[in-house]
Structures are given as structure tokens and as C-alpha cells.
1. Report whether or not residue B:199 is in a loop (DSSP other than H, G, I, E, B), more than 12 Å from chain A (Cβ to nearest Cβ), modelled with pLDDT of 95 or more and surrounded by fewer than 18 Cβ atoms within 10 Å (Cβ to Cβ).
2. Determine, yes or no, whether residue A:108 is facing another protein chain (nearest Cβ under 7 Å), of a type in the set (D, E, K, R) and surrounded by fewer than 21 Cβ atoms within 10 Å (Cβ to Cβ).
3. For residue A:244, state whether it is at pLDDT below 85, open to solvent by 40 Å² or more (accessible area, probe 1.4 Å) and of a type in the set (A, V, I, L, M).
4. For the range B:111-137, how many residues are in contact (Cβ under 8 Å) with a residue 12 or more places away in the chain, within 7 Å of chain A (Cβ to nearest Cβ) and closer than 16 Å to residue A:150 by Cβ?
5. State all residues of the range A:221-232 that are closer than 20 Å to residue A:44 by Cα and modelled with pLDDT under 90; if no residue qualifies, say none.
6. Can you work out which of the residues in the range B:80-90 that are surrounded by fewer than 24 Cβ atoms within 10 Å (Cβ to Cβ) and either of a type outside the set (Asp, Glu) or within 8 Å of chain A (Cβ to nearest Cβ) (or both) is nearest to residue B:126 (Cα to Cα)?
7. Among residues belonging to the range A:140-172 that are of a type in the set (Val, Ile, Thr) and open to solvent by 10 Å² or more (accessible area, probe 1.4 Å), point out the one that is farthest from the other protein chains (Cβ to nearest Cβ).
8. Would you say residue A:118 is at pLDDT 95 or above and either closer than 25 Å to residue B:86 by Cβ or buried (at least 21 other Cβ atoms within 10 Å of the Cβ) (or both)?
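The values are calculated or read from the model by the stated rules, or taken from the named source; none is laboratory data. All of these numbers come straight from a predicted model, not from anything done at the bench. Note: ideal-geometry Cβ built from the backbone for every residue, glycine included; neighbour counts use all protein chains shown. Areas reflect the complete protein model, heavy atoms only, side chains present, ligands, DNA and RNA absent. Shrake-Rupley method; radii C 1.70, N 1.55, O 1.52, S 1.80 Å.
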There are 2 protein chains.
Amino acid sequence: MTGLPDILERGARSVDETLEELLPKASGPEGRFHEAMRYAVFNGGKRLRPVLATLSAAVFGVTGIRALRTAAAVEMIHCYSLIHDDLPALDNDDLRRGRPTCHRAFDEATAILAGDGLQSLAFEVLADPATHDDAEVRIGLVGALAHASGCIGMIAGQAIDMAAEHITLDAPAIRRLQALKTGGLFVFSARAGAILAKADEAAMIAFGRDLGTAFQITDDILDVEGDQEALGKATGKDAGAGKATLVEALGLEAARRKAVELSERAIDALENFGEAADGLRDMARFAVHRRV
Amino acid sequence: MTGLPDILERGARSVDETLEELLPKASGPEGRFHEAMRYAVFNGGKRLRPVLATLSAAVFGVTGIRALRTAAAVEMIHCYSLIHDDLPALDNDDLRRGRPTCHRAFDEATAILAGDGLQSLAFEVLADPATHDDAEVRIGLVGALAHASGCIGMIAGQAIDMAAEHITLDAPAIRRLQALKTGGLFVFSARAGAILAKADEAAMIAFGRDLGTAFQITDDILDVEGDQEALGKATGKDAGAGKATLVEALGLEAARRKAVELSERAIDALENFGEAADGLRDMARFAVHRRV
């Protein structure tokens, strides 16, 4: 399992169609800014987080537009964070998935605004009654996504990541960084189905947390040993930039074992869900066995 | 009436106390980022938008924490937009209200993240049941604020403002720019009380729209003829940067007449509200007669 499993490919296509509908069409003097939003969203990403959200929804029998709008919102947040992380003042990346990053394809100012616009659009989409007719559900999604992606969540993780270029983090501090920076959106996506169905979220939160960590460790392993061409970005970059990773803290072999263990534990968390959760199980296996 | 009227001063102090409670305390490796959020929020601003929100709430009998949390959310959005607008890639401002801008006091990366964090915190605060126990009200606030501040609202206005450095906008295009860039948050704040009380919003939207335009025109007039020291920022900057303003398009005298006319029309929109709306009437007068 090195490429994207079929179920993830199909999910990604539905997410793309929804994003296509939700993003503003470029026109008028602000057209270039809207183009930049689209450019950053349609970037060849694997759509792991939004597909996770749709697979989570399917576990609870929620399908169609409700699942897809929720999925699109989390992907907008993810894409905004990538635009801002790539900026010269932050990671200063010129390429993402083999294409110029947003600020290279457009300009820095437009990229900053495109990120801002994607963040607010995510919340605007979730707040719209088209996402769910129950206001409790919609506000539950907004609260969970704002918390996961916010100033004591994903953005705090990014701030720690920057600080880690100057200070040394131990393994627990790195785990906290990654739980904040990457874990939060995985947990949100995993919870999303339970929020949409007003069901108990505990098992899905546990699943999302372990999946997110397994995914992040695998990312860091691929950065060390991965194929630059397949990944579409420079590899070995984290070590060069003094970035804190668990591979660095634990060593390659221990990190690999840890990722597989987390993937298995994530699958165990789904034991009460039967076949409806097979998509999530596929995703947990893919997270650690992928080459991209 | 050149300084801030008493009712606005008192309102601003309550808003500040609420912001103080809602912003994260700086600690851990992400502490510098949280400090930057606080620095940018406690910047000596007049708190016009949040005080407008509390005055609007008072019209409908909504007071205390509900009004103040809503007010704090709109101020967080305003402050995030100022941080990002001040960045070198955008307006490249070193000073705001006589103090170094966020990216000068900290660094660009921290300023970008501080802006991102303030945006998400605004939605997190509104989504919290502490803001209102009715989910319909909370999601109404989130939807209205995301729309006003979003990619077809405030950020589109900012994108047009940047484009206007290279293209010439006629008066209707400038009015559209300002309605998007500045008007949206005024309209949100004016509507906020009606949303909190589930009351009819039409009169408050009309009030907010005219107040916002009157405020913006006055800002542009002050930029041309204002006192650099009282304003705490460079004056005459808009013309130098080729920024599109109505003062430029209409001339100083016509712009002044227009602002007063809008302020009076805003007050007329409140005719059904009696004494409870006196705070809003004060604000409409202050908007055009201020020197700061």
C-alpha cells in the first residue's frame, strides 16, 4: 500500500468538487486574491483530513453534503496553515508538491490574505444552515474546529515549531508540539462524524489522536529517507532547519515501531463500529505504510 | 466633541477587561506568540467596533457578558486585520498609535501567527456557550462575523485596496472597497444586539452601514489634515501610497458634507428606539466630529 487506496481517492474527488463550489470565483479587482485561494487549495494534496472527516461521518450514517461541507472546512483550515507556514518569514519554502508555493506563484501580500480568507471561509461554511439544519451541530463544529486550529491549538504548535529552531525540545515537548500542530485537525476530522450525528465522541477522538501522531511520525520518517521526487518537496529539510521531530529524538527504528503501534491502537479504538469503519481502518494502515 | 465621549470611554474599559480575560496568558515555548497577540490587542485603540456592539446590545436590553464577549470577538477580528495590514508585504507600517507595529515589536513570523490566532479566537469565543445559551444565536453571530470579515468581505476589501495602488478606482468602486474593508465590521457590530436578542436587524444594519461610511470618510479627512501627534501615525500617507479614498475622489469639502449627511441619516435610522439608543446617537456624532 504505497499509493492512495481507492476509498481515499474517491473521497478526495468528492471533497474537491465541494471545494470547487464553495470557493469564490475570481472576478473584479479582488480576483487575483480569490485566484490565490483557489491555487493554494487545488494543490494536489492528498485530502487526508477531509477524507477522514467524510469517513468518520459515514461511520454514523452521515453522508452527502453535510459530510462534504464539514470536510471542505477542515481542508480550508489546513490549506491556510500551509500558505502561512510557507511564507518567507516562516519556513520560507519555494515549492509545495512540486509547484511554486502561493507566495511564489502570486506575491507575499496576496498569500497572506489568501490564508486569512481560507480561515474565515471555513467558519462561514460551517455556520451556514446548508451544512446542517441543527444549530447545535453547526456551532459544535465551529467550536471544535476553532479550538483545534486556534491559538492554543494548531497555531500554538506552529509557534513552538518556530521556537524549536532556537531551543531544544525533549521527546514529551515534541509530542506536545505535534499534537498541537498536526494532531488537532486529525482529531477534529475524526470527531466530525460524531458531532454531525450528535453521537458519543470518545472513541473517535482516541482514533484521531493516534492516527494524527502516526501520520506525523511517518511524515518525519519520509523527510529523512523519502523520495524527493515522489514527495514533490525538498527532503532532509527538517534536520537542516533544526526542526524538532520524534525521529530525531527516538531514532529511525524506534520511530517506525512507534508509528505502527499507534496505527494499530487507532484501529483498536474502532472495535465497536463494525464494517462502517473499514474506511477509517484503511486510512490508519495507509498513514504508516505510505511512500508519499 | 473632539475626545472620546464618556459613554465610549466606559464601554472601552469593559471591553478591555473582557479581552484581558479571553486572551491566552503567555507561558511555555509558545509564550512569545501569545504575548504578541496581547500586544496587538492592547494597542490604545478606541474600541469603536466593540463599543458599538455593546451599545447595540443595550438597545435590545442585552447587557453584561453576552454583549461583552460578542464585542471582544469583533475587536479580535479588527486587531488581526491591523496586524496583517501593517506587515512589510502589505502597508509596511512601522508605527501604529505611536508604538511599534506588531512585526516591529516582535518579528514578522510571530506577527503573522498572532493575527491568525486572533482570527480563530474570535470564532472560538462566539461558539462558546458562555456567549449565549441559545445555539441559534451563537451560530448567527459566527455566520455574520465570518461573512463580514471574510473573503468576500473585509479581506476582499483589503485585496482591492492593494490592487488600487496600481489601478484607478472611480467613486462607486471606492465606496465598494470601503464598504467591504471597513463597513462590514461596523455593520456586524451594529447588528450584534439584534442577533443577540433575536430581534429585527434591518434598522441596525442601515445604521451600521451609514456609520461605517461616515467613520471611514472622516478617517480619510483626518489623514489629509489631521494632527500626526494626536493620531499617533503618519498622516498624508494614503495619498503618498496612491490609496483610493473618497476625499481624493470628491474633494475635501464634499467629503466632509457627505460624512455629516451619513451621520444624520444613521441617527434617523434609530427613530423607533427611544432613549435606549442614545449611546448609538452619541457614537454617530462622534464618528464625524472627532479629531482622533
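1. For residue B:199, the condition - in a loop (DSSP other than H, G, I, E, B), more than 12 Å from chain A (Cβ to nearest Cβ), modelled with pLDDT of 95 or more and surrounded by fewer than 18 Cβ atoms within 10 Å (Cβ to Cβ) - is met.
2. Values: facing another protein chain (nearest Cβ under 7 Å): yes; of a type in the set (D, E, K, R): yes; surrounded by fewer than 21 Cβ atoms within 10 Å (Cβ to Cβ): yes.
Yes.
3. Against the criterion (at pLDDT below 85, open to solvent by 40 Å² or more (accessible area, probe 1.4 Å) and of a type in the set (A, V, I, L, M)), residue A:244 does not qualify.
4. 9
5. Step one: filter the range A:221-232 for residues closer than 20 Å to residue A:44 by Cα, giving A:222-223, A:226-232.
Once the filter is applied, which keeps residues that are closer than 20 Å to residue A:44 by Cα and modelled with pLDDT under 90, the range A:221-232 yields A:223, A:226, A:227, A:228, A:229, A:230, A:231, A:232.
6. Per the stated criteria, the residue is B:81.
7. Filtering the range A:140-172 for residues that are of a type in the set (Val, Ile, Thr) and open to solvent by 10 Å² or more (accessible area, probe 1.4 Å), the one farthest from the other protein chains (Cβ to nearest Cβ) comes out as A:168.
8. yes
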